[in-house]
Amino acid sequence: MRSEYCRAALAFLIWAVPCAAAPTANTVPLHVFRSGHISVQARLNGQGPFRLVLDTGSPVTFISTKVAKKLGLSAGMAGSATSATGAPGGMFGMGLSMNPFARLKSVAIGSTVAKDLEIMVLDHPVIDMLSVVEGPVEGIIGFSFFSRFRTTLDYAGKQVTFSPVAFEPPDLMKNVFKLLMNRGGDKRIIAPAALWGMSLDKTAGRAGVVVTQVYAGGPAEAAGLLAGDIITSVDSRWTESVLDFFDLAATIKPGRDVMIQAARGGVAMDLRVRPRTGL
Amino acid sequence: MCLFLLLAHLVSFPTRPEQAAYQIPYRLTGTNHIVLRAKLNGSGPYNFIMDTGAPSLFVAEDVAKSLGIKPDAQRWGVVDRLEIEGGAVIEKIKGRVEGPFQLQTMNQLALIGVPIHGVIGYNVLARFRIAVDMTQPNLTWTRLNYHPPPPAVVTPADMKRLGQPVQNQKQLEAMAKMATAMFARKPQEVVPRGFLGVELGDATAGANIRSVLARSPAAEGGLIAGDVVTGVSTGGKELQSVRSGAALTALLNEISPDEMVKLAVNRAGFKTEVSIKVGKGGL
């Protein structure tokens, strides 16, 4: 009985220890090119390391056709007649009829790993230029990788830190397809998430939005707002237009206090408003 | 977006003690870009993509022109004051006065929902330690009191040496232009939701009106506190029944300013109907 218990406890420990140790921060060197680009060393499917540019402006993670070939990524290519060995005429070295998408089992930067990552195989011209000047660079680490982590960039300290967070990047291709197929001409309505009890307008050429009406019995009145007040920001977010304000109000749930920065007769003031359930 | 300017000289990276931390709001676009807002010389706000793949600040030509920022022969201009929403301010910052073709493409395809006026790149970003965490509403930028060396710049000789990739870049631009022409569309019209002026309470069968704000559209339509809304009709459509405040809100979240809303109401046990012309700019 006792040994039974011990065995269970031991099993629990073995199971629990790796779990408890899971989300740790991992700091790796960040190389800053003279061009202002930054790069990290990454292992792809356990091979490498390869030098990849870390690019917050790239939704996609790219690897070069050379590295794709090295990793044996040939899936998804229709016309493989064109070789991947720097064939003439182009960035799509594998031939234009190919499907540039592929999946990597793992992308690892130090101890930070993203599993089963969709990537694009493409010889990005800027990466090629960088390679000419700085030596081999094999692709781009984009949003699909770094958004899975709290990513802390430190150019001055030449390091980057990744800590896992619970974020699954939205499906880019699905979104872009939806955006492209939506041919416009339609309208989008911004709905506040709570009742504020006031009306707003914009005076062209003047900062902020003006409160045109404060409704008796509402949250704005309770906060001390008056018609004629100019609201310049809410919780440090600028409200330069009525749509700005609505965009922000769409994220503010009933019952939550927010700080309004306003001006009355040229005098700045801070007011606390608590919007309520309503519309 | 990976952009390129070539290099001039090698430099060292001295680190100095850090200063303030800023909470920088951002918007994640449908294209998975991180968009920040900034005022240039007190005007704006303008929308910028935060882009470590860009060697510097980029400002679209029309924005620079409207602000009187005059670029030099190499297209560099100086922004006297760049204020990023959340409080980070940089003075006398150099920027490229040019909208990279990627931006033009995104704007013409109306991919992002807001116009993009430029890119915030290396010469701004390197002054901060930047924490990017998509589970948080803000980025954290900590000022490092560090002045990054200017990015190196491409010379015609470099261009020659670069060879094929430069051709490929041109090819990429041509392809982007073609795709843009095929898919170009007008940006969506964005309007604030119409305003009623009611506070909702809990109810078991229907939406309970806890209070009606004085002189609001709902008050003028004749709705009173204690009414229970059991059905909604908008735009002359068939009445849809509602069983909760949340259901009422969900239906009315699609209503434009100045539209008419018809509500089926249970008032002290009697059934009645209330018509409201919803307001504009109220919330």
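The values are calculated or read from the model by the stated rules, or taken from the named source; none is laboratory data. These numbers were taken from a predicted model, which means no experiment stands behind them. Cβ coordinates were reconstructed from backbone atoms using ideal geometry, including for glycine residues, and neighbour counts include every protein chain displayed.
All told, B:Gly269 falls short of being in contact (Cβ under 8 Å) with a residue 24 or more places away in the chain and either among the β-branched types (Val, Ile, Thr) or on the phi > 0 side of the Ramachandran plot (or both).
Kindly evaluate A:Val258 against the criterion of being within 29 Å of B:Leu28 (Cα to Cα) and within 30 Å of the chain's Cα centre (by Cα).
yes
Of the residues screened, B:Ser43 is one that is hydroxyl-bearing (Ser, Thr, Tyr), more than 23 Å from B:Met134 (Cβ to Cβ) and surrounded by fewer than 21 Cβ atoms within 10 Å (Cβ to Cβ). Helices (runs of 4 or more DSSP H) fully within region B:33-138 that include at least 3 residues being more than 20 Å from A:Arg150 (Cα to Cα) and not polar (S, T, N, Q): B:61-66, B:101-108. For A:Ala223, the conditions (1) facing chain B (nearest Cβ under 10 Å); (2) without any contact (Cβ under 8 Å) to a residue 60 or more places away in the chain; (3) not polar (S, T, N, Q) are fulfilled apart from (1).
One line per residue, one yes/no per condition, for (1) within 18 Å of the chain's Cα centre (by Cα); (2) farther than 28 Å from B:Gly68 by Cα:
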position: B:Glu83; (1), (2): yes, no
position: B:Thr105; (1), (2): yes, no
position: B:Ile130; (1), (2): no, yes
position: B:Leu139; (1), (2): yes, yes
position: B:Thr142; (1), (2): no, yes
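Meeting the requirement of 3 or more residues that are over 25 Å from B:Pro257 (Cα atoms) and not charged (D, E, K, R), the helices (runs of 4 or more DSSP H) wholly within region A:110-225 are A:125-134, A:143-146, A:172-181. Pairs meeting the criteria (first residue in region A:157-175 and in contact (Cβ under 8 Å) with a residue 60 or more places away in the chain, second residue among the small types (Gly, Ala, Ser) and not in a loop (DSSP other than H, G, I, E, B), beta carbons under 8 Å, at least 6 apart or on different chains) are A:Leu172/A:Ser144. Checking A:Leu271, A:Leu226 one by one, the residue that is surrounded by fewer than 15 Cβ atoms within 10 Å (Cβ to Cβ) and modelled with pLDDT of 95 or more is A:Leu226 and no other. The test for being crowded, with 20+ Cβ neighbours inside 10 Å, modelled with pLDDT under 95 and under 21 Å from the mean Cα position of the chain (by Cα) holds for B:Gly99.
In region A:257-268, how many residues are of a type in the set (D, E, K, R) and touching a residue at least 40 places away in the same chain (Cβ under 8 Å)?
0
A single member of A:Phe146, A:Phe177, A:Phe162 is surrounded by 20 or more Cβ atoms within 10 Å (Cβ to Cβ), among the aromatic types (Phe, Trp, Tyr) and more than 8 Å from chain B (Cβ to nearest Cβ), and it is A:Phe162. From the residues in region A:180-221 that are among the hydrophobic types (A, V, I, L, M, F, W, C) and farther than 22 Å from B:Thr249 by Cα, which one is surrounded by the fewest Cβ atoms within 10 Å (Cβ to Cβ)? Among residues in region A:180-221 that are among the hydrophobic types (A, V, I, L, M, F, W, C) and farther than 22 Å from B:Thr249 by Cα, the one surrounded by the fewest Cβ atoms within 10 Å (Cβ to Cβ) is A:Ala204. Residues that are assigned to a strand (DSSP E or B) and within 12 Å of chain B (Cβ to nearest Cβ) within region A:262-279 comprise A:Val273, A:Arg276, A:Gly278, listed in sequence order. Note on region A:97-148: residues that are among the polar types (S, T, N, Q) and without any contact (Cβ under 8 Å) to a residue 60 or more places away in the chain amount to 4.
Rundown of residues vs (1) farther than 11 Å from B:Val228 by Cβ; (2) surrounded by 14 or more Cβ atoms within 10 Å (Cβ to Cβ); (3) among the small types (Gly, Ala, Ser), yes/no style:
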residue: B:Ser256; (1), (2), (3): yes, yes, yes
residue: B:Ala268; (1), (2), (3): no, no, yes
residue: B:Ser275; (1), (2), (3): yes, no, yes
residue: B:Gly281; (1), (2), (3): yes, yes, yes
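So is A:Asp247 within 24 Å of B:Gly87 (Cβ to Cβ) and within 12 Å of chain B (Cβ to nearest Cβ) or not? It is true that A:Asp247 is within 24 Å of B:Gly87 (Cβ to Cβ) and within 12 Å of chain B (Cβ to nearest Cβ).
For B:Ala174, the test of being of a type in the set (A, V, I, L, M, F, W, C), outside any strand (DSSP E or B), modelled with pLDDT of 70 or more and on the phi < 0 side of the Ramachandran plot is passed.
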